[in-house]
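Read the structure below first, then the notes.
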Number of protein chains: 2
Amino acid sequence: MGKIKLDEIDHQILDMLIDNTRIPFTDIAKKLLISAGTVHVRVKKMEESGIIKGSSLMLDYKKLGYSFIAYVGVYLNNTSQTKFVLERINEIPYVTVAHITTGKFNIFCKIRAKSTEHAKEVIFLLDDIEGVYRTETMISLEESINDKKRLMHSIFKNL
Amino acid sequence: MGKIKLDEIDHQILDMLIDNTRIPFTDIAKKLLISAGTVHVRVKKMEESGIIKGSSLMLDYKKLGYSFIAYVGVYLNNTSQTKFVLERINEIPYVTVAHITTGKFNIFCKIRAKSTEHAKEVIFLLDDIEGVYRTETMISLEESINDKKRLMHSIFKNL
DNA sequence: GGTGAAACTTCTAATAA
DNA sequence: TTATTAGAAGTTTCACC
């Protein structure tokens, strides 16, 4: 699980794919002045090494009817139950990310729901998990996803 | 910005693309017993309507040397500064998401850094923004991204 | 490591139903 | 709206640097 070294070409390939996963390898090849075969081989290597875990669509959840976002902090009766509760939490599809954290909460997660009513149901699901003492919810009024992912990735090169 | 209705075919196309954005349209067509041309037209429509905002790679940030994740709650001197501060926060590449929230914090964001040392620098950048009163950091000891994205999406159908 | 070309597969737009 | 079709475009492999 150590750090893997990529060269400049790999980073540039990643930058382009991060931006648009369906960009043709021939386009990448043209921009980087290498052959399409090379792009193919390098992408395959990054997939095999696990650096590229997969690809996914960025969807407009609001347009799909999911406009409610909240963060929920979870207090447990006992820290030893953390792993068990985390597994139960991950079974709830409306929970998009969950973390074991330092600080006041044992677990901290993000939920995405259809409405406040629906969010209430999801939070009740969390509260009902065995070992959960209580939860604390923070509602998001506005989400801004940092679109500088590509830029951020470029900075990796300076590591 | 209203909700857009998709039919069963659209949802199934989305499910497959969410799983792997580079799956050939011909494969999707075969599985759904429609033509590749139809898949092409439908995907184009979902792109045009904004439901599909784009595509991106899922990378293993640990393998890229970014193993530190934290959530930072931001208190402002004055709520009227929220928009301004949010813009400054979004200029920091290591901030991956930022929210305007209800509750004790005015803004709540997620950061991804190389190390605790690096995270400290990022948090100092946040603290230095004009209008920020103080910050409160919660360190993630373990992140588990809900891999049921596809399942979650399927549930959209029942809306 | 990389290339370039061949063989194969997929995309895409026009046309037809 | 969807299907068919066909030329254009992209992918992938491989013999050879």
(request) Check the axis relating chain A to chain B and name the residue of A whose C-beta is nearest, distance in whole Å. (result) A:21, 2
(message) Relative contact order of chain A, please, whole-number percent, based on alpha carbon pairs below 8 angstrom and at least 6 residues apart.
(response) 25 percent
(request) Kindly list the residues of region B:102-140 that lie in the label zone of residue A:155, defined by a backbone N under 16 Å from the point 7 Å along the Cα-to-C-beta vector. (result) B:109-129
(request) Let me have the 222 nm mean residue ellipticity of the protein assembly as shown computed from DSSP H runs of 4+ only, each contributing -39500 (n - 2.57), with the sum over all residues rounded to the nearest 500. (result) -11500 deg cm²/dmol
(message) Could you work out what % of the accessible surface of region B:58-137 is carbon and sulfur, using a 1.4 angstrom probe and leaving DNA, RNA and ligands out of the count?
(response) 50 percent
(message) What number comes out for accessible area per residue over region A:8-57 if the probe is 1.4 Å? Units Å², please.
(response) 50 Å²
(request) Can you tell me the FRET efficiency between residue A:127 and residue B:141 if r is taken as the Cβ-Cβ distance and R0 is 25 Å, rounded to the nearest 0.05? (result) 0.65
(request) Note down the net charge around residue B:49, summing +1 for each Lys or Arg and -1 for each Asp or Glu among other residues with Cβ under 14 Å from its Cβ. (result) +3
(message) Past 24 Å, Cα to Cα: identify those pairs from A:53/A:149; A:149/B:30; B:62/B:110; A:45/B:120; B:31/B:148, in the order given.
(response) A:149/B:30; A:45/B:120
(message) To make sure I understand the rule: partners must be aspartates and glutamates, Cα under 17 Å from the Cα of residue B:63, and not fewer than 8 residues away in the same chain. Which ones qualify?
(response) A:7, A:8, A:10, A:15, A:47, A:48, B:142, B:143
(request) Shielding by partners for A:44-56, please: the mean number of other protein chain Cβ atoms within 10 Å of each residue's Cβ. (result) 5
(message) Quick check: pseudo-label points 7 Å beyond the Cα along Cα→Cβ at residue A:48 and residue A:120, how many nm apart are they?
(response) 5.5 nm
(request) List the distances, in nm to one decimal, from the label point of residue A:104 to the label points of the same position in every other copy, shortest first, placing each label point 7 Å from Cα along the Cα-to-Cβ direction. (result) 0.3
(request) With no solvent and one equal point scatterer placed on each C-alpha of region A:51-159, evaluate the Debye formula and give log10 I(q)/I(0) for q = 0.18 Å⁻¹, two decimals. (result) -0.96
(message) Can you give me the angle between helix A:116-127 and the longest principal axis of chain A, using Cα atoms only, in degrees from 0 to 90, rounded to the nearest 10?
(response) 80 degrees
(message) Under the rule a/c < 1.5 gives rounded, and otherwise a/b versus b/c splits prolate from oblate, where does the protein assembly as shown land using the Cα gyration tensor?
(response) oblate
(request) Apply the Karplus parameterisation 6.51 cos²θ - 1.76 cosθ + 1.60, with θ equal to phi minus 60°, to every residue of region A:30-40 and state each ³J(HN,Hα) to the nearest whole Hz, in sequence, with x for glycine and proline. (result) 4, 5, 9, 6, 10, 8, 4, x, 5, 4, 4
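The values are calculated or read from the model by the stated rules, or taken from the named source; none is laboratory data. None of the values given here were measured: they were computed from a predicted structure. As a convention, Cβ positions derive from the backbone with ideal geometry for all residues, glycine included, and neighbour counts pool all protein chains shown. Heads up: the accessible areas ignore ligands, DNA and RNA and are worked out on the full protein's heavy atoms, side chains in. Shrake-Rupley method; radii C 1.70, N 1.55, O 1.52, S 1.80 Å.
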